[in-house]
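Novice: Okay, handing you the structure first.
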Amino acid sequence: MEVLIVNPILYTNENRNIKKVNTIKDTMIYDLCLAFLKKGCDVTLAASDLYKPSENESYPFNIIWMRTRLTKLFPPHTLPYCPEVKKIAKSGNFDLIITSEVFSLNSLKLALCTPKNLIVWQELGKHNRIFHGLASKFWYGIVAKIGFKKALIVARSVQAREFISKYCKNVSDTIIDHGVNIEKFTPCREKDNQFAISSQLISRKHIEKSIEAFAKYLNKYDDSAKLYIMGDGDEKENLRKLAKDLGADKNIIFTGKLGHNELIEILKKSIAMLVYTQSDLNMVSIVESLSLATPVITTSVPYCSSYIESESLGIVDDNWNEDDLRRIATSDEYINNCMNYRKYLPTEYKAEQFLKVKGLI
């Protein structure tokens, strides 16, 4: 079975200047390609050439680095335009083509030329703010209704399904969230007296709110607990100063950006992962944490918060505080629930869902 995955954006960037990475092997989409490979499929990944890693790598499947055009008009970190995607789709005898987002010129090209074999994997659950939201409203209100009539759309969350269903009729009832390569994530029930944050240290992530809640936890409940902050960014020095001002600097460890294996070792031994973001969609770091049986304390902003709450995989509260840290630290219920839910998280399970939705298995 031939599978083409069109995913121009391989990892998150905050602006048009795409930061080069050494490897793409720790990205969600790479692991999804591996999962299809394990299912016996021949896999091709089509990605933007701007995301090509700085180091030479070999891959067990085919990768096509598409040239990214008109970058001044179409920001490559949010709306990359890769016109050769149509030629790629036509050049192979693909049984399944998966493309990201309805609001995409690349997806439109595929919806018009190969709708029969296409799944549009929708993550956005509200209008995109590009061009002050006008482009998004025009696209969904007119282009999506006409150009995506025949393409099957599969949402990544309840919120995304509710949103896209307002504009497109051919939306699957099946929701397919991001998965993880479960072989990399060995769960751990026995936790150390520590919490963890895995995030860019930038303003919209509101790491300061997590630090403030943790400092109150130290004063009120347990002054021996630790908080590992794994990541880097513009706010790092401000956050260090805040930790010191709150008298929590000896309990807070800023690790900088870690390799995946180092990050996993800290995260798996943590009582919970802390999230206080103001604008994220589907966060792969949350799925990784749950797969390690590490519950998550989060705001309702990430789309996966809906199932975190319904399955009691952590605590969802837009103003969570030190009392929530205590609640999760004194109960094994959340860890047990994560262990039970883990079977739904592997990328191989996600690949199987895609194949079933299209009637290929």
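Novice: Taking the range 129-172 as the search range and keeping residues that are of a type in the set (Val, Ile, Thr) and in a helix (DSSP H, G or I), which one is least open to solvent (accessible area, probe 1.4 Å)?
Specialist: By that ranking, first place goes to Ile164.
Novice: Further question on the same structure: Where residues in the range 277-298 are at pLDDT below 95 and out of contact with any strand residue (DSSP E or B) (no Cβ under 6 Å at 6 or more places or on another chain), which of them is surrounded by the most Cβ atoms within 10 Å (Cβ to Cβ)?
Specialist: Selected residue: Met283.
Novice: Continuing with the same structure: Scan the range 337-350 and give yes if some residue there is within 17 Å of the chain's Cα centre (by Cα) and among the aliphatic types (A, V, I, L, M), otherwise no.
Specialist: Yes, there is a match, as at least one residue in the range 337-350 is within 17 Å of the chain's Cα centre (by Cα) and among the aliphatic types (A, V, I, L, M).
Novice: Let me ask something additional. Which residue pairs have Cβ atoms closer than 8 Å, lie 6 or more positions apart in sequence or on different chains, and pair a first residue in the range 337-351 that is more than 12 Å from Ile176 (Cβ to Cβ) with a second residue that is modelled with pLDDT of 95 or more and open to solvent by 70 Å² or more (accessible area, probe 1.4 Å)?
Specialist: Every condition considered, the pairs that remain are Asn337/Glu311; Met339/Arg189; Tyr341/Glu311; Lys343/Tyr349; Glu348/Lys38; Glu348/Lys39.
Novice: Can you tell me which residue among Ile252, Ile271, Ile229, Ile266 is β-branched (Val, Ile, Thr) and closer than 20 Å to Thr12 by Cα?
Specialist: Selected residue: Ile229, the only one of Ile252, Ile271, Ile229, Ile266 that is β-branched (Val, Ile, Thr) and closer than 20 Å to Thr12 by Cα.
Novice: Another question about this same structure. When the range 174-191 is examined, which residues are found to be surrounded by 14 or more Cβ atoms within 10 Å (Cβ to Cβ) and touching a strand residue (DSSP E or B) at 6+ places or on another chain (Cβ under 8 Å)?
Specialist: Ile175, Ile176, Gly179, Val180, Asn181, Ile182
Novice: Another question, if that's okay. If Glu101 passes every condition in (1) farther than 23 Å from Tyr303 by Cβ; (2) of a type in the set (D, E, K, R); (3) under 18 Å from the mean Cα position of the chain (by Cα) but one, which one does it miss?
Specialist: If we test Glu101 against (1) farther than 23 Å from Tyr303 by Cβ; (2) of a type in the set (D, E, K, R); (3) under 18 Å from the mean Cα position of the chain (by Cα), just (1) comes out false.
Novice: Also, I was wondering about something else. Sort out which residues of the range 300-322 are touching a residue at least 60 places away in the same chain (Cβ under 8 Å) and either surrounded by fewer than 17 Cβ atoms within 10 Å (Cβ to Cβ) or not in a helix (DSSP H, G or I) (or both), and write them in order of number.
Specialist: Tyr303, Cys304, Ser306, Trp320, Asn321, listed by residue number.
Novice: Could we say that Tyr334 is in a helix (DSSP H, G or I), under 16 Å from the mean Cα position of the chain (by Cα) and of a type in the set (Phe, Trp, Tyr) here?
Specialist: No: the conditions fail for Tyr334.
Novice: Same structure, new question: For the range 215-258, which residues satisfy the criterion of being of a type in the set (Gly, Ala, Ser) and crowded, with 18+ Cβ neighbours inside 10 Å?
Specialist: Ala215, Ala225, Gly231, Ala243, Ala248
Novice: Within the range 325-353, which residues are farther than 11 Å from Ala293 by Cα and in contact with a helix residue (DSSP H, G or I) (Cβ under 8 Å, 6 or more places away or on another chain)?
Specialist: Leu325, Arg326, Ile328, Lys343, Leu345, Pro346, Thr347, Glu348, Tyr349, Lys350, Ala351
Novice: If a residue must be of a type outside the set (Phe, Trp, Tyr), closer than 16 Å to Gln200 by Cα and assigned to a loop (DSSP other than H, G, I, E, B), how many such residues does the range 276-299 contain?
Specialist: Looking only at that region, the number is 7.
Novice: Please go through the range 280-302 and give me each residue that is out of contact with any Asp or Glu (no Cβ under 8 Å at 6 or more places or on another chain) and under 20 Å from Leu10 (Cβ atoms), ordered by number.
Specialist: Result: Asp280, Met283, Val284, Ser285, Ile286, Glu288.
Novice: Find the helices (runs of 4 or more DSSP H) located wholly in the range 191-275 whose residues include 3 or more that are over 27 Å from Met339 (Cα atoms), and list them.
Specialist: Hits in the range 191-275: 207-220, 236-245.
The values are calculated or read from the model by the stated rules, or taken from the named source; none is laboratory data. Keep in mind that what you see is a predicted model, and the values were worked out from it rather than measured. Methodologically, a virtual Cβ is constructed for each residue, glycine included, from the backbone with ideal geometry; neighbour enumeration extends over all protein chains shown. What goes into the accessible areas is simple: the full protein's heavy atoms, side chains included, and nothing from ligands, DNA or RNA. Shrake-Rupley method; radii C 1.70, N 1.55, O 1.52, S 1.80 Å.
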